[in-house]
Amino acid sequence: ITARFARHEFERALDELSTGLVGLSHLHEVNREAASAFLTIANAASSAEMFELASAQLRRSRPLVQTAGDVFLIRMADGTAARNETRWAARLDLVGRPEQAAARYREALRAAIRAQLGDPIGHWRRVGRLYEGFAWTCLDEPELGRAALLDALGDDDAPLGPEDGLVLRLGLARACTTLGLIDEAREHLSFTYGVQDTTLSDQWQVAIVLQAAEVERAERGDHPGIALAEHAAVLLANSLWEERERRLESVMVRMQMLDLAEENERVGQAATEDPLTGLGNR
């Protein structure tokens, strides 16, 4: 599904995502495979910016991964939830919904802290620290955010994925700008230039443009060029959000159609079979 979205095969990707989500709604096993299935579909939904659907699947996965007792899956579930909530919050920020964004950042913070529990030096601890720092920064706690993000940066012996790396540097640039550390903010932003944004809508690139405008304003004062750049970025963000809303509605309709088709098949079978013997009735 994620690969199809990356290749802009939107219709096939939306069909497969809808089928996967309906399949999960009928999945009642409580084991590692079921937990992994929920996490896989949640990842795909989040990559497609279906943040609400991803969040629902991740909530359903929590008791499964806890019951399965697989520590890696538990950390993955929390890390994935932190990433999904951060993506969601950042998009809400970009379209001018700060209160909703703050609520999502608080959810990201809780998931990020859970991801670090019992994993003092591993990958998911680093991911959790990253999204914890980004959330603190966006919740107007730049000192806490910068400390957590610098901890996640570490010595960078094991590079993060492209998106995590972008979020880390963007968060540091935002925290440093708020704290008046303009040179450091500009340096962190420079690491984001040319890095591939793997999100479907390039949302982090839009956020980087807006953050660069903030750095310019903090260093040189306000001027019309900054306002024009911000206006263009916000227009793009709103256009991308509207496209996301259309995709989400399309998936919901497809899921309803699949459910209806399954119900029609069940009713048709019940009408033509004898319930005791399974043989065709008159």
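Any idea how many residues of the stretch 168-180 are closer than 21 Å to Trp204 by Cβ and out of contact with any Ser or Thr (no Cβ under 7 Å at 6 or more places or on another chain)? Write out each step before concluding.
Initially, the stretch 168-180 is screened for residues closer than 21 Å to Trp204 by Cβ, giving 168-178.
Going one step further and asking which of them are out of contact with any Ser or Thr (no Cβ under 7 Å at 6 or more places or on another chain), we end up with 168, 172-173, 176-178.
Residues that pass the stated criteria total 6.
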- Scan the stretch 240-258 for residues that are over 13 Å from Phe10 (Cβ atoms) and either hydroxyl-bearing (Ser, Thr, Tyr) or out of contact with any helix residue (DSSP H, G or I) (no Cβ under 6 Å at 6 or more places or on another chain) (or both) and jot them down. Leu240, Trp241, Glu242, Glu245, Glu249, Met252, Val253, Gln256, Met257
- Can you name every residue in the stretch 155-213 that is under 16 Å from Ala89 (Cα atoms) and either among the hydroxyl-bearing types (Ser, Thr, Tyr) or touching a Cys at 6+ places or on another chain (Cβ under 7 Å) (or both)? Thr199, Ser201
- Would you check if Glu273 is open to solvent by less than 70 Å² (accessible area, probe 1.4 Å) and either at pLDDT below 85 or among the acidic types (Asp, Glu) (or both)? yes
- In the stretch 208-248, residue nearest to Ala185 (Cα to Cα) [restricted to those that are open to solvent by 40 Å² or more (accessible area, probe 1.4 Å) and not in a helix (DSSP H, G or I)]: Asp222
- Message: Based on this model, can you work out whether Arg91 counts as in a helix (DSSP H, G or I) and open to solvent by 40 Å² or more (accessible area, probe 1.4 Å)?
- Response: no
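Give, as residue ranges, the helices (runs of 4 or more DSSP H) completely inside the stretch 1-55 that count at least 2 residues that are of a type outside the set (Phe, Trp, Tyr), touching a strand residue (DSSP E or B) at 6+ places or on another chain (Cβ under 6 Å) and surrounded by fewer than 19 Cβ atoms within 10 Å (Cβ to Cβ).
So the answer is none; nothing clears 2.
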- Query: Any idea which of (1) part of a helix (DSSP H, G or I); (2) crowded, with 18+ Cβ neighbours inside 10 Å is the one Pro63 doesn't satisfy?
  - Reply: (2)
- Task: Among the helices (runs of 4 or more DSSP H) lying completely within the stretch 97-182, list those that include at least 2 residues that are of a type outside the set (D, E, K, R), open to solvent by 50 Å² or more (accessible area, probe 1.4 Å) and without any contact (Cβ under 8 Å) to a residue 12 or more places away in the chain.
- Result: 98-116
- Please specify each residue of the stretch 183-207 satisfying the condition of being open to solvent by 50 Å² or more (accessible area, probe 1.4 Å), under 29 Å from Ala6 (Cβ atoms) and either among the aromatic types (Phe, Trp, Tyr) or in a helix (DSSP H, G or I) (or both). Ser190, Phe191, Tyr193, Gln205
- Query: Going by the conditions given, is Gly133 closer than 23 Å to Ile74 by Cβ and at pLDDT 95 or above?
  - Reply: yes
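For the stretch 26-85, name all the residues that are charged (D, E, K, R), touching a residue at least 12 places away in the same chain (Cβ under 8 Å) and within 27 Å of Gly171 (Cα to Cα).
We begin by selecting, within the stretch 26-85, every residue charged (D, E, K, R); these are 29, 32-33, 49, 52, 59-60, 62, 70, 75, 78, 83, 85.
Imposing the further condition that a residue be touching a residue at least 12 places away in the same chain (Cβ under 8 Å) reduces the set to 32, 49, 52, 60, 62, 70, 75, 78, 83, 85.
Result: Glu49, Glu52, Arg75, Asp78, Arg83, Glu85.
Here are some residues: Tyr131, Tyr105. Which one is in contact with a Cys (Cβ under 6 Å, 6 or more places away or on another chain), closer than 16 Å to Val167 by Cα and of a type in the set (Ser, Thr, Tyr)?
On the way: Tyr131 fails: in contact with a Cys (Cβ under 6 Å, 6 or more places away or on another chain).
From the options Tyr131, Tyr105, the qualifying one is Tyr105.
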- Message: Restricting to the stretch 66-79, and then to whatever is open to solvent by less than 40 Å² (accessible area, probe 1.4 Å) and in a helix (DSSP H, G or I), can you tell me which residue is nearest to Thr199 (Cα to Cα)?
- Response: Gly79
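The values are calculated or read from the model by the stated rules, or taken from the named source; none is laboratory data. Quick caveat: nothing in here was measured; it's all calculated off a predicted structure. Cβ atoms come from the backbone with ideal geometry, glycine included; neighbour counts cover every protein chain shown. Only protein heavy atoms, including side chains, enter the accessible area calculation; ligands, DNA and RNA are left aside. Shrake-Rupley method; radii C 1.70, N 1.55, O 1.52, S 1.80 Å.
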